[in-house]
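The structure under discussion appears below in the form of structure tokens.
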Amino acid sequence: MSKRVGIVVPTLGKRADYLRQCLDSIKVAGEAHVCLVAPSDFDYKEFMSLGLVDQFVVDPGTGLPEAINKGFSELPSDIEYINWLGDDDLVSPGSIKKAGSVLDSDSRTVLVYGSCDYVDPQGKVIWTNKSGQWASTILGFGPDLIPQPGCLFRRSAFNQIGGLNKDFNWAFDFDLLLNLKKVGGLKFLDATLSSFRWHPESLSVEYRTKSVAEASRVRVSHLPSLLRPISWLWEYPVKKATFFAGLRVTERAKKLAS
């Protein structure tokens, strides 16, 4: 029987240990076709021989959103549900199967998300984002509290909105969520579906200020035109709260390491 779920894993090949853990986690998360997107000189054959990767696609070298878009476009035509997973992140055992079941049971839902553990470089849990259905409700005017790594969404809906926006470097996943919300429902599944690795090399940590500013730009771009001129009324406190929340997670990580 063909696989209905496709997971794209973009990598530069610089974090071999993390990449292996990432691919191993997908293996026990449910039936999935794994597409690795990497530079042309990346040696992927060992992962293929171990059954951890089903497909290799050359990274076009034009940024992370375009690498992910390329991976999705090359997936087999019978793949129905998709997501991508950073090479240092993890999905939980059974998570793909659980999320897929929700999409199977409700055609109006275009994306499923759940809770996410934030872990340090050694895999120790720093904090858990338990989120909830309310995270979808506040998405248009508040912080993005939907953890992308454990999501699963319909390929048809992704194609309908035109894929990931290559103009964004850090908040393209936020833009995706807002676009998907326009075409269907986002549903919370009360289970921990993923782990996000919080370390200095993570884009959202290293470039925290730029990431928060770009998320604000994404949020404002989705507002009705009449509200954009007064968006500063709530954007300033939202940006500050988001930035300091990230700092608190970093401090917890430091305490665990000491």
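The values are calculated or read from the model by the stated rules, or taken from the named source; none is laboratory data. Keep in mind the model is a prediction, meaning the values are calculated, not measured. Here the Cβ is made from the backbone with ideal geometry for all residues, glycine too, and neighbour counts use every protein chain on show.
Structure values in brief
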item	result
Test: residue in segment 73-86 that is buried (at least 17 other Cβ atoms within 10 Å of the Cβ) and over 19 Å from Leu177 (Cα atoms)	yes
Single residue of segment 108-166 satisfying the filter (among the hydroxyl-bearing types (Ser, Thr, Tyr) and out of contact with any strand residue (DSSP E or B) (no Cβ under 7 Å at 6 or more places or on another chain)) that is farthest from Leu176 (Cα to Cα)	Thr137
Residue list for segment 34-51, restricted to those being assigned to a helix (DSSP H, G or I), out of contact with any helix residue (DSSP H, G or I) (no Cβ under 7 Å at 6 or more places or on another chain) and closer than 19 Å to Gly71 by Cα	Lys45, Met48
Any hit, segment 196-218, residues being within 30 Å of Ser101 (Cα to Cα), modelled with pLDDT of 95 or more and not aromatic (Phe, Trp, Tyr)	no
Residues located in segment 29-53, provided they are under 17 Å from Leu152 (Cβ atoms) and either surrounded by 15 or more Cβ atoms within 10 Å (Cβ to Cβ) or among the basic types (Lys, Arg) (or both)	Ala29, Gly30, Ala32, His33, Val34, Cys35
Among residues of segment 85-122, those that are in contact (Cβ under 8 Å) with a residue 24 or more places away in the chain and in a helix (DSSP H, G or I), counted	8
Scope segment 52-72; condition more than 12 Å from Lys166 (Cα to Cα), in a helix (DSSP H, G or I) and either in contact with a helix residue (DSSP H, G or I) (Cβ under 9 Å, 6 or more places away or on another chain) or free of Cβ contacts under 8 Å to residues at least 40 places away in the same chain (or both); matching residues	Phe72
Tally of residues being in a strand (DSSP E or B) and more than 15 Å from the chain's Cα centre (by Cα) across segment 6-33	1
Check on Leu164, crowded, with 20+ Cβ neighbours inside 10 Å and either in a helix (DSSP H, G or I) or at pLDDT 90 or above (or both)	yes
Yes/no for Ser156 being among the hydroxyl-bearing types (Ser, Thr, Tyr), at pLDDT 95 or above and within 20 Å of Asp89 (Cα to Cα)	no
All positions within segment 157-186 that are free of Cβ contacts under 8 Å to residues at least 40 places away in the same chain and basic (Lys, Arg)	Lys182
Verdict on Lys98 being among the basic types (Lys, Arg) and surrounded by 13 or more Cβ atoms within 10 Å (Cβ to Cβ)	yes
Condition check for Ser136: under 18 Å from the mean Cα position of the chain (by Cα), surrounded by 13 or more Cβ atoms within 10 Å (Cβ to Cβ), on the phi > 0 side of the Ramachandran plot and among the small types (Gly, Ala, Ser)	no
Residue within segment 181-194 that is among the charged types (D, E, K, R), more than 16 Å from Ile126 (Cα to Cα), surrounded by fewer than 16 Cβ atoms within 10 Å (Cβ to Cβ) and modelled with pLDDT of 95 or more present	yes
